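Data block below; observations after.
The values are calculated or read from the model by the stated rules, or taken from the named source; none is laboratory data. Remember, predicted model here, so these are calculated numbers, not experimental data. So basically every Cβ, Gly included, is an ideal-geometry build from the backbone, and we count neighbours across all protein chains shown. Side chains are part of the model used for accessible areas, which takes the heavy atoms of the whole protein and leaves out ligands, DNA and RNA. Shrake-Rupley method; radii C 1.70, N 1.55, O 1.52, S 1.80 Å.
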Amino acid sequence: MQSSAFSLAETIGAVVQEHIGRVGPLMLVLHAVQERLGYVPSAAIPMIASALSLSRAEVHGVMHFYHDFRAEPAGNHIIQLCRAEACQAMGARALEAHVRGKLGITFGETTPDGRFTLDPVYCLGNCACAPTVRIDDDIHARVTPQRFDELLADLQGDGR
Amino acid sequence: MSIRVFVPRDTTALALQADAVAQAITAEASRRSIDLTVVRNGSRGAFWLEPLVEIEDESGRRAFGPVSPADVPRLFNNGFPGDCQDILALGPADELPWLKRQQRLTFARAGLADPLSIESYRSLGGFAGLENALALSPQAIVAAVKESGLRGRGGAAFPTGIKWQTVLDTPSTQKYIVCNADEGDSGTFADRLLMEADPYQLIEGMTIAAVAVGASEGFIYLRSEYPEAKKILLAAISRAEKAGWLGGDIQGSGKKFHVELRIGAGAYICGEETSLLDSLEGKRGLVRFKPPLPAIKGLLGQPTVINNVLSFAAATTVLAKGAAYYRDFGTGRSRGTLTVQLAGNIRRGGLVELPFGRTLRELVEDFGGGTATGRPMRAIQVGGPLGTYLPAAQWDVALDYEAFAGISGMLGHGGIVVFDDSVDLAQQARFAMEFCAIESCGKCTPCRVGSVRGVEVIDRIIANEHRAENLTLLQELCDTMVDGSLCAMGGLTPYPVRSALQHFAEDFNIRDT
């Protein structure tokens, strides 16, 4: 515990050093911490607050205002289903039901094996070729339940 | 010189396996010892044809689409990249009726070249507007934008020139240019396409604004849902700096302007300009009271031009070709071109740029070709999640700001989402409230609490519990949200709800009353 707390402090210190002095550094710091660790651990909040001369409440408030920041680690793959209107018009509601059933989880949850986290998203800007799914940094168009199963099978193959 | 083959790299093309298509073409050409160069261009926005592959030779550019990786060996068997007779052959790219019938000003360059090539941007007319601006006085630049009649393309349609004039007239040692690239409305992708297919146009437009009002710092606030646009913008900013189109001395003019890319974090409300400014400052994205206007007290309390991506882009046309040229397109008080995005259940979806004034029906029928599912169209939502649901009787409305206001609608950012007859408008109304509840910044009560109560009331109406009382309650709740909300989020959420109730009452279990 001692060493992990120490390394977290080092990470936060390095990240803050990189962004302090810029306009509105808190968002930059939270993004950078999440990029390095995959989430923003609760222990990081007082460290960030102190380094940026903010209150813990301010840091906590910003972190929880934005959907992107995670307080817990995500699964190996993050699957985002678009729930917005253009995708609804092309069957996103049915796709959502299929994906929940297939993974056995609902939005905001991670499969028990730690492989997949399922998140909602409201528009990925691919609205002419809906429904749209983002898996990690790849966006997929016209995703039918069958196509989703294929994409999932591709991921199963990678062992992660 | 080897033949050039274009394979788009915008988000939609990539989501339709454009990378695999490009790899297959390279591999197949190599296997057959054919000399060709694959260029990754932006997209022309004809998304229904993506991946749209083009061959460039002496005769011009010939298009093929939509091409899947599995099609590639057959294309080569049929003569690709030479004279190729194939079921996917579409003829000369510039002659595609869907593209030819558009009037592209802002998107004239989209899809023609590698989006990161400054040379291509220059050769296609890029930076001409900035060069003209550098030779003008700040007031003359602002006057041109005012005369063009350009109104903010983000959705609110406020005259861009008046905004710039206010910033120019407000004395300060530090002013800012902020680009709102938080394009969160479902059914819209014009900002994304511009940033991914023609990023220097945005940089040029922001720089024109900076020169006009005397700002030296600029920010692009991009939503995190656009990872490709992020990659392209980062590279474009860096290359523009190296080429002297950004930085400490722009093209030897002595003017300086720096642009920084900032990434949002998944909050729809940050598309509201004051919320965006708070977010840029590293805070929760709470909506601010107005006044003061951002033009007077914006980022860090300083005078700030904050405009949508397409507004900055349009300024390049105004400065390159003159205010009159731009103003001569359009109708009434809606001048210039409108970029419509055909989305949802539509056969030929994509980006259509036309002068204001065409009817919605022309767009969805002539360009869109009806639904993708082949079923009858039933409802069209225009203007994003806060836009009204229009029934067939209203599809002859002209696409201009005032005509839409006349039917209690809004053009917004130009997103058009088509639904077929399987849509349940009660569920869509419920979703409008649900979305508001999820995305409300929480600052004002009508929006924060009203949206939660709205979902509950609609659920009771659908379940036929005290139907008449709950319908009255819903109308009163909508009144409260419209009249009492601080910004458009709570203030406009009732529009899709009310239009669903008014025009599609049968979906709300109304038969049982």
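So here's what we get for this one:
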| item | result |
| --- | --- |
| Given (1) in contact (Cβ under 8 Å) with a residue 24 or more places away in the chain; (2) open to solvent by 10 Å² or more (accessible area, probe 1.4 Å), number of the condition B:A426 does not satisfy | (2) |
| Residue that is nearest to the other protein chains (Cβ to nearest Cβ), among those in the stretch B:418-451 that are of a type in the set (A, V, I, L, M, F, W, C) and over 18 Å from A:Y122 (Cα atoms) | B:V423 |
| Tabulated pairs, the stretch A:19-38, first more than 11 Å from A:M63 (Cα to Cα), second crowded, with 19+ Cβ neighbours inside 10 Å and polar (S, T, N, Q), C-beta under 8 angstrom, 6+ apart or interchain | A:G24/B:S279 |
| Matching residues in the stretch B:163-185 - criterion: being assigned to a helix (DSSP H, G or I) and open to solvent by 10 Å² or more (accessible area, probe 1.4 Å) | B:K163, B:Q165, B:T166, B:L168, B:D169 |
| Selected residue (criterion: farthest from B:F419 (Cα to Cα)) from residues of the stretch B:478-491 that are open to solvent by less than 40 Å² (accessible area, probe 1.4 Å) and under 24 Å from the mean Cα position of the chain (by Cα) | B:C487 |
| Residue in the stretch B:470-477 that is crowded, with 23+ Cβ neighbours inside 10 Å and either more than 29 Å from B:P291 (Cβ to Cβ) or hydroxyl-bearing (S, T, Y) (or both) present | yes |
| When residues of the stretch B:14-62 are limited to those that are among the charged types (D, E, K, R) and in a loop (DSSP other than H, G, I, E, B), the one least open to solvent (accessible area, probe 1.4 Å) | B:E50 |
| Meets criteria (open to solvent by 10 Å² or more (accessible area, probe 1.4 Å) and more than 24 Å from B:R122 (Cα to Cα)) for B:P303 | no |
| Of all residues making up the stretch B:285-323, the number that are more than 14 Å from chain A (Cβ to nearest Cβ), within 30 Å of B:R104 (Cα to Cα) and not aliphatic (A, V, I, L, M) | 8 |
| Wholly within the stretch A:1-119, helices (runs of 4 or more DSSP H) carrying at least 3 residues that are more than 14 Å from every other protein chain (Cβ to nearest Cβ) and modelled with pLDDT of 95 or more | A:2-19, A:44-52, A:92-103 |
| Filtered residues of the stretch A:123-139 (kept if free of Cβ contacts under 8 Å to residues at least 40 places away in the same chain, more than 7 Å from chain B (Cβ to nearest Cβ) and crowded, with 21+ Cβ neighbours inside 10 Å) | none |
| Residues within the stretch B:252-281 that are more than 10 Å from chain A (Cβ to nearest Cβ) and part of a loop (DSSP other than H, G, I, E, B), tallied | 5 |
| B:T188 β-branched (V, I, T), open to solvent by 20 Å² or more (accessible area, probe 1.4 Å) and out of contact with any Lys or Arg (no Cβ under 7 Å at 6 or more places or on another chain) | no |
| Residues satisfying the stated conditions in the stretch A:129-155, i.e. assigned to a helix (DSSP H, G or I) and not small (G, A, S) | A:P145, A:Q146, A:R147, A:F148, A:D149, A:E150, A:L151, A:L152, A:D154, A:L155 |
| Neighbours by Cβ (under 9 Å, 6+ apart or cross-chain): first from the stretch B:346-374, within 14 Å of chain A (Cβ to nearest Cβ); second part of a strand (DSSP E or B) and of a type in the set (F, W, Y) | B:T371/B:F419 |
| Contacts under 7 angstrom Cβ, first residue in the stretch B:63-90 being assigned by TED's automatic domain parsing to the domain that holds B:R32 and assigned to a helix (DSSP H, G or I), partner open to solvent by 30 Å² or more (accessible area, probe 1.4 Å) and not small (G, A, S), 6 or more apart | B:P69/B:Q17; B:F76/B:R32 |
| Scan of the stretch B:256-274 for residues that are under 18 Å from B:K175 (Cα atoms) and either hydrophobic (A, V, I, L, M, F, W, C) or buried (at least 19 other Cβ atoms within 10 Å of the Cβ) (or both), ordered by number | B:F257, B:V259, B:L261, B:R262, B:E273, B:T274 |
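Each row is one residue, and each column tells you yes or no for (1) in contact (Cβ under 8 Å) with a residue 40 or more places away in the chain; (2) away from chain A (no Cβ under 14 Å); (3) open to solvent by 10 Å² or more (accessible area, probe 1.4 Å).
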{"position": "B:A197", "(1), (2), (3)": "yes, no, no"}
{"position": "B:G205", "(1), (2), (3)": "yes, yes, no"}
{"position": "B:I208", "(1), (2), (3)": "yes, yes, no"}
{"position": "B:G214", "(1), (2), (3)": "yes, yes, yes"}
{"position": "B:A236", "(1), (2), (3)": "yes, yes, no"}
{"position": "B:I250", "(1), (2), (3)": "yes, yes, no"}
{"position": "B:K283", "(1), (2), (3)": "no, no, yes"}
